[in-house]
Each structure stands twice: as structure tokens, then as C-alpha cells.
Amino acid sequence: MKNAVSGLGLAPDAAMVTFPIDMFLPGSDITPVRSRKREFYEGLTRWQSRFAQSTAGAGTMLSVEGASHEDALNQANNLLLTNLWGDGLPLWPATRERVDWILRGAALPRTHVIGKFPPRGGVTTVEICAVALAMAGGRPEYLPVLIAAVDAFLDAESNSDQLQATSGGPFPVVIVNGPIAREIRLNSGFGCLGPDPQRPAGASIGRALRLLQQNVGGALPGIGTMAIFGAMRYTNVVFAEDEAALPQGWRPHATERHGYAPGTNSVSLVFASGVTNVQRRGAKKETPEEDVLNGMWRMADYMRTPNIAALQGYEKGTPGIMMISPVVAKMMAEQGWTQASIREFLWENSKIPLAQLQRAGAPAWLEIDSNPVTRASIRFDPWPIALKPENIVLVVAGGDHPTHYHWLQAHSPRVIGRVVRVPESFDRLLADADRDLGCGADECRI
Amino acid sequence: MVTLEFHDPSGKLEITQPHAPRLATLEGKRIGFVSNEQWQAYRMLPLLKEMLEADFPGIEVLPVDTFPQGNALIGNEETAALVKQSGVDAVIVANAA
């Protein structure tokens, strides 16, 4: 609530009466409302904000002293944690030198305001993004992707003001298309949703985005975000589509979803609330046709679940992201499957019988949805998990191995795209990265 | 001693509008509710209405469903306009959890 009002330009406090969660549960004892009625009355009559009408916080430099550089580094990390600006892992203090170095990757002035980070409403400049990327261990050539991701995150249609705070704990998934992915060492292959020392860009870009969410946006666990579990929130998810592995006739995700020309550097931002592995490969003597079809059914079976959080994206968002490895995409394409026919199969075969929705209490959530299109979908039996097949995001990525799919169930009213803008000196930054980290991503062995 | 200077990572906040002034008294005032209909609001807000009416002579507390309800509706401009048009002196917004 405090965050929400500051995001509206009000002071970062509000007249509130707070109670333990027990009182908000069905069948609860609500007599504390009666015993604490004076607090409600005082909120309406006597409460005063502690903040003057002005600018509050930041833009300032912090300082620590230590007996040695290592001691000062420890002091800095302690200060960041005690001010609730850390994530529990070691941070690079964002010194002037480090931030200026990161800002070499900016195509915009450091003072450029991208927006206000919800719900706290911190002013989000190019510089504060560079500060977060510096703390996260990033490099200048990563900054264009981070800036584009932040711009997508702050898009009003992303609903990020609510998603930042919600108990469902959605995390941003940033899918990168275009040559920049390979140029900056962003992983599209084995282990692309996790750490990879040969392709380390996604870890620090995602961690920087998370630090911005927490420090500028106020999404502090249990205070600014009620995410009950908070999965995938150290680094979020930042990976590249393996465009080189797209079968003949298949189009990059950014072209399919956002209409960007193939070869355009872009990000696509989806909020997801889970990552599920789907074992797809057959165990015995399946024919190629059986192997593919069985795998398709297993995908559909995982998708056929009443994911209430995905209702927000029922019309224009997505029910989730299906990640298909390059070798599986190739097998499917060889049997005539296209991106469109895969989506059609998954959409048709993930429909949920109304009786199953009813036993889970899902129709009540449909009835109160703000979108009349979503409310009207209750007439369908079986009920499709999205308004249309095109809403399902299909991405070719992951290691070249046939045994698994990954399904990232969504909590995403929209899928937001942004073109990535790089500075004129970008080639120089890439050359510096080659100098520092070794040769390009294909052969790189850092 | 080694000194390390680094940026505050929290970003600037801009306070562009003050909170609404508080009322001198609740007696004789008109109070409204904006409810998201969540978290037992359907039980708590009627109780609050009952207490306000019992404790403050001349107070008028509008029914809980006077304005649009639900998370999807309470934050939009149409609801804000309805609240303004109603002439209430104060509004209680609930429930968050």
C-alpha cells in the first residue's frame, strides 16, 4: 500500500490499519476490527504524512571506509544489505568508475527517464539501470538489453504495478532475438535458464532487473511484494531464442509475436509464475511419428490446468511459454508440423472440461474477471486455456537433446516487445569483451 | 584507510501531490467505501459502517456497494469520477492482503 501510493506521486506512506493475515481468511474472527476502531477513525481525522511535498531519496553517493580494499568491499556489501538493497549474494558496489564504464553501453543519455518503477514509483533513469547492472556484475554491452527489458517492464499494459506486488510471485522472462544475443554471450542452448560461465550475460541482466524491481520498484519480500514463494527471483529469466536452429519456414519469436523483421535485435517480456519440465521422449521402440505425437500430448496434458493467474492474459496475453529444443523442433518440422499447427494442437487438446473447472472453483474467478471476453469464455465446454492458439508462445531454445520440453506457465496480461537500441560504439564494446573474455560465443572457453 | 564511494541504488522518488487533508471530525460527515470485495471485505466493511454510525451523530456512511467493486474496477478513472460526484468527505479503501 505504501509503495502503491508513492507510485502515484503521493508521499511513501498512507493511513492504514493492518491486521495479521488470519483475519482475512474465510471464517475468520473479525472482532479485532471492533476493538481497534479508533485506528480507523484516526486515519480519517488525525493521521499526517511523515514526508514533505518534495523529492525524496537517492541520486546520492554512499561512502564506506575499511582498513583495506577487501574490508571496504565487505563494509559496502554490509551497507547494501542493511539498507535492504541486496539479494544475499555478493554485489559490486556501483562506484562512479564502474557505472561510467557500464554507461558506455547506453544509446541514451544517463539522465534519460524510462519511467517510474512500480509500485514504489522510483524514477527509473538510464543511470539507475547502469547502477543495478554494475551491482549485478554486468558489462557495458549488456546494458542495451537491460534498458529494453526495463522499458518493456514499465509499459502500462504489462500490468507490472500489480505483478510486482502480487502473492503469485510472477517473474519476468526476457526472450532475446536478433544477433545481439550471440554478440553479448547470451545463452540459447544447454542450461539457458540458468548459469553458464561461457555465456554469462543472462545472469547479470536478469539480476540487475531484479535489483531494480526491489530497490527502485520497492518489491521487497513481505513488504512491497507479497510473493509467497518468489521462485526464479535471483536472476529472473533472460535467454535467447536459438534462431540458427529454427527449421525451414519457422519464424523467430519476435517476428511471430511482435512483427519485427528477422534479424532485429529485440526483447520480448512475459511474466511467468513457474517452470515445469515435461519429459517427452519415448522409452521403447516408438516410430518417429509416435515419438512426436506422444510428446505433443504430454505437452497438452501439462497445459490442461486451471491456471487462474493466467486469466489476466486470456485475451491478449499468453497462457505460457513452451520451450522446444532445436533437435525436437527439427524432428517435428520433418513430420510437417509448423509453429501454427503445433499451437493449434496444443490449444485444442489443452481445453479443460467444465466439470473439472467447477470442482476447482475456477468459474468464480472467471465471473469476476474485469475483461468481458474472459468472462464470456465460461460458456465454452471444454474451456480453452487461452482465447486463441496464437496466444501460446513457442520458442526454440535449450540444449540439442530430445528428452524434454520446458513449460513456463504465465501470469502475463500481455507479451511486450521492444527493439534493442545500441550505441554507435557498440562494436568497440564487443571487441573489449573479446579481449576480456576470449573469443565469441561459439568457441568461447572462458 | 580505504574509502569506497558508490551510488545509492534506490532511485529518486518524486512527491508530486499531497495526501488529502484529514477531517476535523467525523460527525455529520459523508463517508464512502471503495471495496475490492476481497479478503473478507464483505464482512468487515459492514461492521465498520455500523460502528461509524453508532459512534458519530449525523454521520452518513454510504452502502458498501455504492461504488464499483473489485480489483479490476476500483482503480480506474470512472470509479474515481463517481466517488468525486458523490460528494463524500472521505473514503475508506479496503481490503489489501
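Per-structure values
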quantity: Matching residues in the range A:362-375 - criterion: being surrounded by fewer than 13 Cβ atoms within 10 Å (Cβ to Cβ) and modelled with pLDDT of 95 or more; calculated: A:V373
quantity: Cβ pairs under 7 Å, 6+ apart, first in the range B:1-20 and at the interface with chain A (Cβ under 7 Å from one of its Cβ atoms), second exposed (fewer than 13 other Cβ atoms within 10 Å of the Cβ) and among the small types (G, A, S); calculated: B:M1/A:A67; B:V2/A:S68; B:I15/A:S54
quantity: Whichever residue in the range A:103-127 is free of Cβ contacts under 8 Å to residues at least 60 places away in the same chain and over 22 Å from the mean Cα position of the chain (by Cα) and, among such residues, is farthest from the other protein chains (Cβ to nearest Cβ); calculated: A:P109
quantity: Hey, A:G138 within 14 Å of chain B (Cβ to nearest Cβ), on the phi < 0 side of the Ramachandran plot, touching a Gly at 6+ places or on another chain (Cβ under 6 Å) and surrounded by 24 or more Cβ atoms within 10 Å (Cβ to Cβ) or not; calculated: no
quantity: A:N277 being outside any helix (DSSP H, G or I), among the polar types (S, T, N, Q) and out of contact with any helix residue (DSSP H, G or I) (no Cβ under 7 Å at 6 or more places or on another chain); calculated: yes
quantity: Selection from the range B:16-51 of residues that are surrounded by 18 or more Cβ atoms within 10 Å (Cβ to Cβ), hydrophobic (A, V, I, L, M, F, W, C) and in contact with a Leu (Cβ under 7 Å, 6 or more places away or on another chain); calculated: B:L26, B:I31, B:F33
quantity: Conditions (1) more than 14 Å from the chain's Cα centre (by Cα); (2) without any contact (Cβ under 8 Å) to a residue 60 or more places away in the chain: number failed by B:F67; calculated: (1)
quantity: Enumeration of residues in the range A:13-50 that are under 30 Å from B:T16 (Cβ atoms) and more than 7 Å from every other protein chain (Cβ to nearest Cβ); calculated: A:D13, A:A14, A:A15, A:M16, A:V17, A:T18, A:E39, A:E42, A:G43, A:Q48, A:R50
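The values are calculated or read from the model by the stated rules, or taken from the named source; none is laboratory data. From a predicted model like this one, the values you see are computed outputs, not experimental measurements. A quick note on method: Cβ atoms are made from the backbone with ideal geometry, for glycine too, and the neighbour counts reach across all protein chains shown.
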